[in-house]
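The values are calculated or read from the model by the stated rules, or taken from the named source; none is laboratory data. Computed from a predicted model, the values in this text were never measured in an experiment. Reconstructed Cβ throughout: ideal geometry from the backbone, glycine too, with neighbour counts over all protein chains shown.
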Amino acid sequence: MPWPRLAGALALAGLWALSTSAPDAAHASSNTVIPVETLRATGALPAHIAGVFEMPRNFEQTDAGQYFVFDRRGHAVYTVSGDSARKIIEIGAEPGRILDPSAFDMDPRDGTFVVADAPGQHERIQVFTANGSRLAGFTLPGRELPRITFETFVLNGVGTLQFTGDRLLLNQPDRGALITEMMTDGTPVRTFGSLRATGHEGDPGVHMAFNSGFPLVDPKGGYYFVFAAGPPMFRKYDASGQVIFERHIEGPEIDEYLGALPTTWSRQKQTDGTLIPLVTPAVRAAGVDRQGRLWVSLMQPVTYVYDTTGDKIREVQFRGADIIAPNSLFFTRDGRVLVTPGCYEFSAHDSNR
């Protein structure tokens, strides 16, 4: 049963380091005007539970009904059952705890989950059972980077990842590809997805930033990769890693974003003196529902939905106590979408059908 609606939603903004150009081979998605549809919350975590979390970054549920909340600012992972929340991962640098975490994902089949963190600026990924016992973990080699963040978002390092139960998908453009696939012990399996041309190949920091984004598993087979800035676009890959199609993300919100896009970007100095380019994104979050449809949430509080051929079929806004700009999307087996901030639940079905 859905929880009562939580009064008050958080409005969070973030930055991702991303792209200003797209290959000529990309096809534009449909320009048909689609009215924006409002999805109203069907439930949310009760206020006395939601108030426990300092900054919930992911709200997910197993197929059996167990809820998980990744509290990034609290350096913790919780499970929620009935009328209570239980912390199963605590703050700490030692194995089995997390420190300066950046990303979370869960396998809905059995509740095993992964967390990326960075104790001592060493990027680490750990795998846990549904009750919080550590199964595996490894440190990413040669990646000792200060964590650059803005609110809930990590601008460099492992800011996004996907977990399939026995594989991890990361975006590591500095490795020469959009998607890196690894075993849960850190053993590389493959890389796929060619980097796109950016016009900034002579500036490695900017070029890598423009090839950052969201690697996503399609439950119907294959993968998506969503570039999150300028002009935003996405690619669909088959199971072998071969590109199937490429689409621009278009709409009035994107027009406004592109019109304000600069040609140079300010840089933030790291502790070692290196300068990191800060590029304002257009895309805040992305996910694939159980039917293989891609949902792309913009920095503005509008989410575009694309069918399995890459055509835009819906534009939606999420409304809890107010309009929500999602920073994570999770799709349940019974057709709901779980959203942070606010830990809300919505029906993912088109209310007009």
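Right, residue 302: at pLDDT 95 or above, closer than 20 Å to residue 37 by Cα, over 15 Å from the mean Cα position of the chain (by Cα) and β-branched (Val, Ile, Thr) or not?
Answer is yes for this residue.
Got a number for residues in the range 303-317 being closer than 30 Å to residue 52 by Cβ and crowded, with 24+ Cβ neighbours inside 10 Å?
Result for the range 303-317: 1.
I'd like the full set of residues that are closer than 30 Å to residue 120 by Cα and in contact with a Lys or Arg (Cβ under 6 Å, 6 or more places away or on another chain), limited to the range 245-275.
The one that is closer than 30 Å to residue 120 by Cα and in contact with a Lys or Arg (Cβ under 6 Å, 6 or more places away or on another chain): 275.
What are the residues in the range 181-199 that are over 16 Å from residue 244 (Cα atoms) and touching a residue at least 12 places away in the same chain (Cβ under 8 Å), if any?
181, 182, 183, 184, 185, 186, 189, 190, 191, 197, 198, 199
Identify, from the list 226, 189, the residue that is of a type in the set (Val, Ile, Thr), more than 17 Å from the chain's Cα centre (by Cα) and assigned to a strand (DSSP E or B).
When all the criteria are applied, what remains is 189.
For residues that are under 24 Å from residue 69 (Cα atoms) and part of a loop (DSSP other than H, G, I, E, B), tally how many sit in the range 301-331.
Number of matching residues: 8.
Check the range 232-244 and report whether any residue there is among the basic types (Lys, Arg), in a loop (DSSP other than H, G, I, E, B) and free of Cβ contacts under 8 Å to residues at least 60 places away in the same chain.
No - not one qualifying residue is present in the range 232-244.
Residue by residue through the range 245-276, note down the ones that are of a type in the set (Phe, Trp, Tyr) and in contact (Cβ under 8 Å) with a residue 60 or more places away in the chain.
245
Do any strands (runs of 3 or more DSSP E) lying entirely in the range 82-175 carry at least 1 residues that are of a type in the set (Lys, Arg) and either at pLDDT 95 or above or farther than 22 Å from residue 284 by Cα (or both), and which ones are they?
Because the criterion is at least 1 residues that are of a type in the set (Lys, Arg) and either at pLDDT 95 or above or farther than 22 Å from residue 284 by Cα (or both), the strands (runs of 3 or more DSSP E) in the range 82-175 that meet it are 84-89, 124-128, 134-139, 167-170.
Identify the single condition in (1) in a strand (DSSP E or B); (2) over 19 Å from the mean Cα position of the chain (by Cα) that residue 205 does not satisfy, given that it satisfies every other one.
Failing condition for residue 205: (1).
Can you find a residue in the range 273-282 that is β-branched (Val, Ile, Thr), closer than 16 Å to residue 249 by Cβ and in a strand (DSSP E or B)?
No, the range 273-282 has no match at all.
Restricting to the range 181-232, count the residues that are touching a strand residue (DSSP E or B) at 6+ places or on another chain (Cβ under 6 Å), at pLDDT 95 or above and either within 24 Å of residue 254 (Cβ to Cβ) or buried (at least 22 other Cβ atoms within 10 Å of the Cβ) (or both).
8
Modelled with pLDDT of 90 or more, under 28 Å from residue 136 (Cβ atoms) and under 19 Å from the mean Cα position of the chain (by Cα): does that describe residue 71?
Judged against the criteria, residue 71 is a match.
What pairs can you find where one residue is in the range 166-177 and closer than 17 Å to residue 207 by Cα, the other is assigned to a helix (DSSP H, G or I), and their Cβ atoms are less than 7 Å apart, with a gap of 6+ or different chains?
That search, which allows pairs on different chains as well, returns 173/208; 174/208.
Got at least one residue in the range 332-348 being modelled with pLDDT under 95, surrounded by 18 or more Cβ atoms within 10 Å (Cβ to Cβ), small (Gly, Ala, Ser) and in a loop (DSSP other than H, G, I, E, B)?
Looking for residues that are modelled with pLDDT under 95, surrounded by 18 or more Cβ atoms within 10 Å (Cβ to Cβ), small (Gly, Ala, Ser) and in a loop (DSSP other than H, G, I, E, B), one finds at least one in the range 332-348, hence yes.
Under the condition of being over 23 Å from residue 327 (Cβ atoms) and of a type in the set (Ser, Thr, Tyr), which residue from the range 74-111 is surrounded by the most Cβ atoms within 10 Å (Cβ to Cβ)?
Residue satisfying both the conditions and the ranking: 84.
For the range 169-180, how many residues meet the condition of being touching a Leu at 6+ places or on another chain (Cβ under 8 Å) and either of a type in the set (Lys, Arg) or surrounded by fewer than 15 Cβ atoms within 10 Å (Cβ to Cβ) (or both)?
Total satisfying the criteria: 1.
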